[in-house]
Amino acid sequence: MTRICVFCGSSVGVRPAYADAARLLAAELIDRKLGLVYGGGSVGLMGVVADAVLAAGGEVIGVIPGPLASRELAHRGVTELRVVASMHERKATMAELADAFIALPGGFGTLEETLEILTWAQLGIHRKPIAVMNVDGYYDGLLRLLTHAVREGFIRPEYFALLLFGDTPAEVLDKIAAWQPADFPRAWLARSQT
């Protein structure tokens with residue numbers, strides 16, 4: 001494992017704990033000699049985590065769509081900045097560059113990226129670990145929603161298990177390091193091919 005993709009907000013949120021967690025995650029990435037792949041922004045938690053990794057001498061690859069980069073949101077100090085054509089290309093590029101994924105707190109974009117990469121794992125498009133860093137209970141609501149969806153029969157337990165939860169950077173990265181891809185049948189795919 002060489003690089004972790006971090007999905008996170010373009011805002012720092014209202015609690016100092018969110019930015020603190022981004023800096024702690026950056027320090028843990030440095031300690032484990034892991035590079036950062038992220039959305040390429042200079043603002044919010046994106047800027048915080050990128051700046052902290054860069055300040056410690058780590059590798060940071062930012063991936064940002066041209067329209068966002070041209071609004072001066074792109075971080076010009078990263079190791080490598082890839083400007084792509086669309087949000088779809090951004091996500092595909094980040095997924096290709098990373099060996100695992102971590103979601104810090106964020107808004108619609110962070111939720112969408114996390115759930116899409118989780119869906120890709122469910123579909124067998126990739127076999128990489130995905131984790132949520134539940135800073136101060138930020139993702140408790142998501143955990144409740146997904147647990148409810150499992151109980152109601154919309155998400156299989158084995159697919160829910162594809163998403164790892166942890167409260168600290170060390171816990172999340174330890175779970176990622178220990179993670180083994182599961183082999184399970186994708187029944188709906190088999191039915192659709194018959």
Filtering trypsin sites (Lys or Arg not before Pro) in region 70-126 by DSSP loop and by at most 15 other Cβ atoms within 10 Å leaves ARG76
Give the lysines reachable from LYS175 as a straight Cα distance under 18 Å; neighbours fewer than 8 places away on the same chain don't count. LYS33, LYS128
Give me THR93, THR119 ranked fewest to most by other Cβ atoms within 10 Å of their Cβ, as a rough exposure proxy. THR119, THR93
In this structure, the FRET efficiency calculated for GLU158 and ARG76 from their beta-carbon separation, with R0 = 35 Å, to the nearest 0.05, is 0.25
Integer Hz, Karplus 6.51/-1.76/1.60 couplings in order for region 16-32, x for Gly and Pro: x, 4, 5, 5, 4, 5, 5, 5, 5, 5, 4, 5, 5, 4, 4, 4, 9
Residue-averaged 222 nm ellipticity for the chain, from DSSP H runs of 4+ at -39500 (n - 2.57), nearest 500: -13500 deg cm²/dmol
Can you pull out the GluC sites (Glu not before Pro) in region 118-177 whose DSSP state is coil and whose Cβ has at most 13 other Cβ atoms within 10 Å? GLU152
5 Å is the cut-off here: which amide hydrogens, built 1.01 Å from N in the peptide plane, fall below it relative to VAL60, excluding neighbours closer than 5 in sequence? LEU36, THR79, GLU80
What is the fewest-to-most order of ILE61, ILE4 by other Cβ atoms lying within 10 Å of their Cβ? ILE61, ILE4
As I understand it, the value is the acute angle between the Cα axis of helix 140-151 and the longest principal axis of the Cα atoms of the chain; what does it come to in degrees, rounded to 10? 20 degrees
Among the DSSP beta bridges whose two residues both lie in region 3-192, what percent are antiparallel, rounded to the nearest 5? 5 percent
The orientation-averaged projected area of the Cα convex hull of region 3-192, in nm², is 10.8 nm²
Only loop residues by DSSP count here, and only those with at most 13 other Cβ atoms within 10 Å; note down the trypsin sites (Lys or Arg not before Pro) in region 105-165 that meet that. ARG127
Which whole-number percentage describes the relative contact order of region 99-148, with Cα contacts under 8 Å and a sequence gap of 6 or more? 46 percent
Using Cα-Cα distances under 8 Å and only pairs 6 or more residues apart, what relative contact order does the chain have, in percent? 21 percent
So what is the relative contact order of region 4-58, in percent, for Cα pairs below 8 Å that sit 6 or more residues apart? 47 percent
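The numbers here are math on the coordinates, done by the rules we state, and not lab data. Every value quoted in this text rests on a predicted model; they were computed, and no experiment measured them. Cβ: placed from backbone, ideal geometry, glycine included. Neighbour counts: every protein chain shown.
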